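The values are calculated or read from the model by the stated rules, or taken from the named source; none is laboratory data. Since the model is a prediction, treat every value here as computed from it, not as a measurement. Here the Cβ is made from the backbone with ideal geometry for all residues, glycine too, and neighbour counts use every protein chain on show. Please note that ligands, DNA and RNA were not included when accessible areas were found on the heavy atoms of the full protein model with its side chains. Shrake-Rupley method; radii C 1.70, N 1.55, O 1.52, S 1.80 Å.
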Amino acid sequence: MPKVLIFGATPAQGGIETFVLNICKVMQGLADIYLYNFSDQPLAYDDIFTKKYNIKILDVVTPSSRLGHFTRKAQYKNFFKENRFDIVHINANSPSNYDFAAAAIKTGAKVIYHSHNDNAESFVINKNSQTIIHYVRKFQKKRLAKLNIFKVAVSDNAAKWMFEKYEDVLIIPNGVDFEANRFSVKKRIDGRKKLSIESDDTVLLAASRLTKQKNYSKVLSISKQALEQKIIQKLIIVGDGIELGFIQDIIHGFPITLQQNIYLLGAQKDMQMWYSVGDLLIMPSIYEGLPYSILEAQSNGLDCFVSNAIPKQAIIDSNLMHFSDVDDSNEKWLEKLAEYKQNNKNRENGYLKALQSQYSLKKFRDIIKEIYSVN
């Protein structure tokens, strides 16, 4: 049984954290898995990792100040002096973890560098810092390119963004537990009862980490007009992140009659309920790798209104995916929402198509077993 260290999970509930959770699920009893926690807060899904899957979490806090960029190399070196692994699986949105990969390689471990996005966010972005970050990323990519790593990505876009040479990158479709996200009439009724939402109300759902990448200013401007025009009756936002205060400020600027129809629920563990409560899902992202919530929403039978940043690889059911340019006017987005809100469809069809897709957990398990060299 290989001893595996997984790097990249954070306290925020997002795509990488869901991916790591699914690895722990499918590799239970097949690999001895450890998670590296570089934060001073518990990882998202901490209880599930430790109690359900008996995963060991190694807390190695990296200083959050900019000094951390200079001290972490020594920290990584000391960590790998004390700990040895057969496989080190680095999950990242940028090439900045090349130094962790280099430290792991020196121990003889097989190092997997896994790209989860087709861009990366860094500190506060202005014109000066954009120029600096451009050269920093270029430097990091060159350093990463020199390492003997096994290159993996969630999509073609994510491969091209991360690696200088991407022809030899293995694309691993995100494994999704479709059964856990299947449409549930009971949970639709229960969830709507919790929020006092009428059975015939049209509910728009936004489900993602609250970051600039997800473009919540666009979500809210479209939703405001959709509420005013009665295309929808409610907006539910599920997720947490650094943009929470910004989102709250925008909502507080709306008329009180609109504020009363917007629900900020924070991070939720039972996403099956909230997908089932919703009728439509919106994601006008600025850039993307391969978002779990879009795959999960399709398996729940939700119509998804997304920007062209979402890769076409994310399509499970073409009847449920509606693409627009991120810079399209709100009116164009609203036209599509109005057109499909009355789409009387069998929500079970999304689940049945999802089971046959490349994103099934069974196919995901087979791929992970192969790259972890597990028979």
ask   = Only one of GLY301, GLY289 is part of a loop (DSSP other than H, G, I, E, B), among the small types (Gly, Ala, Ser) and modelled with pLDDT under 95; which?
value = GLY289
inquiry  = For a quick check of your reading of the model, give me the residue pairs whose first member lies in the stretch 47-64 and is farther than 14 Å from TYR34 by Cα, whose second is assigned to a helix (DSSP H, G or I) and among the β-branched types (Val, Ile, Thr), with beta-carbon atoms closer than 8 Å and at least 6 apart or on different chains.
reply    = THR62/THR71; PRO63/THR71
request  = Could you tell me whether PHE323 is surrounded by fewer than 18 Cβ atoms within 10 Å (Cβ to Cβ), touching a helix residue (DSSP H, G or I) at 6+ places or on another chain (Cβ under 9 Å) and of a type in the set (Phe, Trp, Tyr)?
outcome  = yes
note = Among GLN272, GLN313, the single one that is more than 16 Å from ALA207 (Cβ to Cβ), touching a residue at least 24 places away in the same chain (Cβ under 8 Å) and not in a loop (DSSP other than H, G, I, E, B) is GLN313
remark   = Turns out the strands (runs of 3 or more DSSP E) fully within the stretch 46-127 with at least 2 residues that are out of contact with any Leu (no Cβ under 9 Å at 6 or more places or on another chain) and at pLDDT 95 or above are 87-92, 110-115
key: Residues of the stretch 354-375 satisfying the condition of being open to solvent by 30 Å² or more (accessible area, probe 1.4 Å) and not small (Gly, Ala, Ser)   = LEU355, GLN356, GLN358, LEU361, LYS362, LYS363, ARG365, ASP366, ILE367, LYS369, GLU370, ASN375
message = Being open to solvent by less than 20 Å² (accessible area, probe 1.4 Å), within 24 Å of the chain's Cα centre (by Cα) and more than 26 Å from LYS369 (Cβ to Cβ) is true for just one of ASP40, ASP59, ASP99. Which residue is that?
response = ASP99
ask   = From the list ILE294, ILE256, which one is at pLDDT 95 or above, over 15 Å from VAL176 (Cβ atoms) and either under 19 Å from the mean Cα position of the chain (by Cα) or not aromatic (Phe, Trp, Tyr) (or both)?
value = ILE256
inquiry  = Which of the numbered conditions does GLY350 fail, given that it passes all the others? Conditions: (1) in contact with a Gly (Cβ under 8 Å, 6 or more places away or on another chain); (2) surrounded by fewer than 17 Cβ atoms within 10 Å (Cβ to Cβ).
reply    = (2)
ask   = What single numbered condition from (1) open to solvent by 40 Å² or more (accessible area, probe 1.4 Å); (2) modelled with pLDDT of 95 or more; (3) in contact with a strand residue (DSSP E or B) (Cβ under 8 Å, 6 or more places away or on another chain) fails to hold for ALA267?
value = (2)
ask   = All but one of (1) part of a helix (DSSP H, G or I); (2) modelled with pLDDT of 95 or more hold for PHE323; which doesn't?
value = (1)
